[in-house]
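Report on one structure; see the data block that follows.
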Amino acid sequence: MRNLTDIARKSLTIASSRTEARQTKPRNLLAACMVHALHDGYTDGLYVFLPIWQTQFGLSYAGLAIMRAFYYGTMGFLQLPANRILRRVAPRTALLLATLIAAAGFVVMALPLGLVGLCLGLFVAGIGSSIQHPRGSMLVTDTYGKASRRPLGIYNFSGDLGKATLPALAALLLPLLAWRPVLALLAALGIVVAFLLFALRPSVTACDDVEKTSALSREVRRGFGLLTAIGGLDTATRMGYLLFLPFLIHGRGGGTATVGIALALLFTGGAFGKATCNWLCERLGVIGSVMATEAATALLIVVSLFTPLMPTMVLLPLLGIVLNGTSSVLYGTVAELAPGGDTGRAFAIFYTSVIGAGGVAPIVYGAVADHISQLIGIVTTGLTAVAIIPLVAMLRPALRPVE
């Protein structure tokens, strides 16, 4: 009789655990996506304020770049230290801290403290956003375990939603309000997201099959290094093409409104690509899908050099799918190649590479265009995508156990 009771109790425990897992997984993913959308929206929303700050504080373009570096540079270079400091902190606490610190930075920016206060606020907000990426990615990976590739694609896609909505919201409010109240409203939005995050109570008890590779084999170390380099080059291709796209549209006779539509088409395709390219990965594998998307990226970049305005506009959503979609496949592979199974540190290193490439690449491609021609500058971005193809082929030994 006792055996039957023990069996029944164990069955109830297992059923309860499975029910909790089914409930926790979507809640964790929603929490991570919500925070990602906010922080990426904060990052791109700052572009809306740059012309206003230039006028108010009499800044040069170099001065604006330095101001932006207070946020973007802080966010990029503190990824690893932030992850190291908070590695033993619960995901909910880390994401709450990230969101509240970023919101506090926007509060400081909204105060009438002059240029020094504005730079201080940008620095504080950058600290908050440096926490979000590695800890949010790790929450998704730890929640879904070996099945985390597609959820990571959704997490990646949520950042694009934030990039699309928050800058648009700021642009709509600025004609109605002064820039400081708009920053205060963005800070209030961050506080609302923090309350929602607290209510969702994300935890990492949902999955027992989290893949923790303890081996520090030569293939794993080499594979992760290659993956990080590929992520940087993929971002360099994307940022380089974005640098030239407005000039490409103007050269076809398009005006400022047309440039806005072109960017919207590219970003819409990019968001769709981030959400769907992991589906391609499930059929072709990491190596096959990255080769296909990078080859398509290079081809479409070159084609866009020779098409008239309307065909170029039709081409842009397709280019956006492959130009942005590769990143979801790469993000989904970070956990599989994390040296020593330290997922948080692996994501921090990967994001540092990606953010660094995003900052340096436009300078390099711009210098090529200045010294040779715009055409060669754009072709160079396509060649960067081509350069990824042999590199991803070299990943095969490291991915063989997981593909």
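Odds and ends about this structure:
- Residue check for LEU96: at pLDDT 85 or above, buried (at least 20 other Cβ atoms within 10 Å of the Cβ) and of a type in the set (A, V, I, L, M, F, W, C): yes
- Index of the failed condition, GLY253 passing every other in (1) farther than 26 Å from PRO390 by Cα; (2) at pLDDT 90 or above: (2)
- Test result for ILE101, free of Cβ contacts under 8 Å to residues at least 60 places away in the same chain, closer than 24 Å to ALA188 by Cα, open to solvent by 10 Å² or more (accessible area, probe 1.4 Å) and among the hydrophobic types (A, V, I, L, M, F, W, C): yes
- Given (1) at positive phi; (2) not in a helix (DSSP H, G or I), index of the condition PRO112 fails: (1)
For (1) modelled with pLDDT of 80 or more; (2) open to solvent by less than 60 Å² (accessible area, probe 1.4 Å); (3) at positive phi; (4) out of contact with any Gly (no Cβ under 6 Å at 6 or more places or on another chain), each residue gets a yes or a no:
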| residue | (1), (2), (3), (4) |
| --- | --- |
| THR213 | no, yes, no, no |
| ARG221 | no, no, no, yes |
| THR235 | yes, yes, no, no |
| THR258 | no, yes, no, yes |
| ALA262 | yes, yes, no, yes |
| TRP279 | no, no, no, yes |
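- Output for region 172-198, where each listed residue is of a type in the set (A, V, I, L, M, F, W, C) and open to solvent by less than 50 Å² (accessible area, probe 1.4 Å): LEU173, LEU174, TRP179, VAL182, LEU183, ALA184, LEU186, ALA187, ALA188, VAL193, ALA194, LEU197
- Hits in region 218-266 - residues which are in contact (Cβ under 8 Å) with a residue 24 or more places away in the chain, small (Gly, Ala, Ser) and under 19 Å from PRO397 (Cβ atoms): GLY223, ALA229, GLY231
- Those residues of region 281-295 which are without any contact (Cβ under 8 Å) to a residue 40 or more places away in the chain and either of a type in the set (Ser, Thr, Tyr) or open to solvent by less than 30 Å² (accessible area, probe 1.4 Å) (or both), in sequence order: GLY288, THR293
- Residue in region 81-91 that is out of contact with any Pro (no Cβ under 6 Å at 6 or more places or on another chain), assigned to a helix (DSSP H, G or I) and without any contact (Cβ under 8 Å) to a residue 60 or more places away in the chain present: yes
- Of the residues making up region 42-63, those that are more than 23 Å from the chain's Cα centre (by Cα) and either under 15 Å from LEU183 (Cβ atoms) or in a helix (DSSP H, G or I) (or both) are PRO51, ILE52, TRP53, GLN54, THR55, GLN56, PHE57, TYR61, ALA62, GLY63.
- Hey, PHE123 at pLDDT 85 or above and either touching a Gly at 6+ places or on another chain (Cβ under 8 Å) or part of a loop (DSSP other than H, G, I, E, B) (or both) or not: yes
- Count of region 46-55 residues which are touching a residue at least 60 places away in the same chain (Cβ under 8 Å) and open to solvent by 50 Å² or more (accessible area, probe 1.4 Å): 2
- Residue in region 140-149 that is touching a residue at least 40 places away in the same chain (Cβ under 8 Å), on the phi > 0 side of the Ramachandran plot, assigned to a helix (DSSP H, G or I) and open to solvent by less than 10 Å² (accessible area, probe 1.4 Å) present: yes
- Among the residues of region 67-93, those that are open to solvent by 10 Å² or more (accessible area, probe 1.4 Å) and of a type in the set (Ser, Thr, Tyr) comprise TYR72, THR74, THR93.
- Comparison of ILE85, ILE101 shows that the only residue that is farther than 24 Å from TYR47 by Cβ and either of a type in the set (S, T, N, Q) or modelled with pLDDT of 80 or more (or both) is ILE85.
- The one condition in (1) assigned to a helix (DSSP H, G or I); (2) at pLDDT 85 or above; (3) more than 16 Å from VAL354 (Cα to Cα) that SER129 fails to fulfil: (3)
The values are calculated or read from the model by the stated rules, or taken from the named source; none is laboratory data. Note that the structure is a prediction, hence the values are computed from the model and not measured. All Cβ positions, even for glycine, are placed from backbone atoms using ideal geometry, and neighbour counts span all protein chains on display. Ligands, DNA and RNA are excluded from the accessible area calculation, which covers all protein heavy atoms including side chains. Shrake-Rupley method; radii C 1.70, N 1.55, O 1.52, S 1.80 Å.
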